[in-house]
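For reference, the structure discussed in these notes is given below.
The values are calculated or read from the model by the stated rules, or taken from the named source; none is laboratory data. These figures come from a predicted structure and were not determined experimentally. Heads up, the Cβs are rebuilt from the backbone with ideal geometry, glycines too, and the neighbour counts pull from every protein chain shown.
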Amino acid sequence: MRDETARAAFGASHANAHGYLLDVTDTERIGKVVAQAEARQGPVDVLVNNAGYGHEGVMEESPLEQMRRQFEVNVFGAAAMMQAFLPLFRTRRRGHIINITSMGGFITMPGIAYYAGSKFALEGISETVGKEVRQFGVHVTAVAPGSFRTDWAGRSMVRSARSIADYDALFDPVRATRAARSGKQPGDPAKAAQAILTLAEAAEPPAHLLLGSDALGLVRAKLAQMEQDINKWETLSRSTDSASNEAGR
């Protein structure tokens with residue numbers, strides 16, 4: 001946790017859990033916190049990278065510095081945590097890294113270019129690292145939740161100021177709808193936590209896991225559209241092969 005007051009309150013209300021102060025962008029401190037946790041609790045078996053926040057804003061209106069900050073937390077912070085635990089997991093020949101991504105790591109919508117970009121990145125990193133460390137008995141799963149009743153669209157959201165009227169008709173209704181639905185999303189965070197516990201106990205966990213019926217529906221629709229586009233443009237896709245490859249088919 002980043003706040004000492006929250007950490008103390010957490011420790012007081014959870015007898016079997018221990019909180020540590022850490023901002024995942026403080027990469028120099030990560031190793032020290034990992035060492036403290038292992039010294040107190042013993043070998044860690046599961047890392048859940050849940051730190052992250054959302055950015056909302058039309059790309060043309062959003063300073064690149066906001067994108068850098070989004071990636072520092074959502075991507076580089078998670079990667080730094082992975083690098084801190086991977087030597088321990090590899091040496092022990094066991095461990096499970098669970099990276100919380102988002103359905104926004106598969107599907108997109110106007111106004112979340114920076115957020116979706118960070119989650120697409122974490123999805124790719126997770127899948128790649130999973131292939132690297134599977135030989136050591138270490139698993140990596142990217143968990144992509146849909147809309148859950150958290151503060152993601154509330155106090156945790158960073159919003160760029162509106163300035164270009166050309167985007168009003170497209171984006172203003174999206175922003176208004178997201179704000180109106182905050183706290184009323186279909187996903188139950190307690191059930192998501194239970195699902196992650198079930199995942200952590202799986203002998204052969206998947207590389208990707210969607211959470212929520214909305215995520216299932218939207219991602220399936222995206223994959224179906226991709227399949228249509230691949231088929232439609234297959235001739236152009238194949239046209240870039242060399243002549244020898246064409247002759248060999």
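Do we have any residue at all in the range 153-172 that's on the phi < 0 side of the Ramachandran plot, of a type in the set (D, E, K, R) and within 21 Å of the chain's Cα centre (by Cα)? Before you say what the answer is, go through the steps one by one.
Within the range 153-172, the subset on the phi < 0 side of the Ramachandran plot is 153-172.
From what is left, the residues that are of a type in the set (D, E, K, R) are 155, 159, 162, 166, 168, 172.
Going one step further and asking which of them are within 21 Å of the chain's Cα centre (by Cα), we end up with 155, 159.
Within the range 153-172, one or more residues are on the phi < 0 side of the Ramachandran plot, of a type in the set (D, E, K, R) and within 21 Å of the chain's Cα centre (by Cα).
For every residue, the table says whether it meets (1) of a type outside the set (Val, Ile, Thr); (2) under 21 Å from the mean Cα position of the chain (by Cα).
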{"site": "Ser182", "(1), (2)": "yes, yes"}
{"site": "Gln185", "(1), (2)": "yes, yes"}
{"site": "Leu199", "(1), (2)": "yes, yes"}
{"site": "Ala207", "(1), (2)": "yes, yes"}
{"site": "Gly217", "(1), (2)": "yes, yes"}
{"site": "Gln228", "(1), (2)": "yes, no"}
{"site": "Trp233", "(1), (2)": "yes, no"}
{"site": "Thr240", "(1), (2)": "no, no"}
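Of all residues in the range 147-172, which are loosely packed, with under 12 Cβ neighbours inside 10 Å, in a helix (DSSP H, G or I) and either in contact with a strand residue (DSSP E or B) (Cβ under 6 Å, 6 or more places away or on another chain) or of a type in the set (D, E, K, R) (or both)?
Asp166, Asp168
Here are the criteria: (1) in contact with a Gly (Cβ under 7 Å, 6 or more places away or on another chain); (2) not in a strand (DSSP E or B). Tell me which single one Gly77 does not satisfy.
Answer for Gly77: the failing condition is (1).
Out of (1) modelled with pLDDT of 95 or more; (2) crowded, with 18+ Cβ neighbours inside 10 Å; (3) part of a helix (DSSP H, G or I), the odd one out for Ala144 is which?
Ala144 satisfies every listed condition except (3).
Of all residues being among the hydroxyl-bearing types (Ser, Thr, Tyr) and not in a loop (DSSP other than H, G, I, E, B) in the range 209-249, which is modelled with the lowest pLDDT? Just the residue, please.
Just the residues of the range 209-249 that are among the hydroxyl-bearing types (Ser, Thr, Tyr), to begin with: 213, 235, 237, 239-240, 242, 244.
In the following step, the residues that additionally are not in a loop (DSSP other than H, G, I, E, B) were identified as 213, 235, 237, 244.
Working: Ser213: 94, Thr235: 97, Ser237: 97, Ser244: 68.
Once the filter is applied, the top-ranked residue is Ser244.
Go through the residues of the range 106-123 one by one and say whether even a single one is touching a Leu at 6+ places or on another chain (Cβ under 8 Å) and surrounded by 16 or more Cβ atoms within 10 Å (Cβ to Cβ). Even if it seems obvious, please write down each step before you answer.
Initial filter on the range 106-123 (touching a Leu at 6+ places or on another chain (Cβ under 8 Å)): 106-107, 110.
Remaining after also requiring surrounded by 16 or more Cβ atoms within 10 Å (Cβ to Cβ): 106-107.
Yes, the range 106-123 contains a residue that is touching a Leu at 6+ places or on another chain (Cβ under 8 Å) and surrounded by 16 or more Cβ atoms within 10 Å (Cβ to Cβ).
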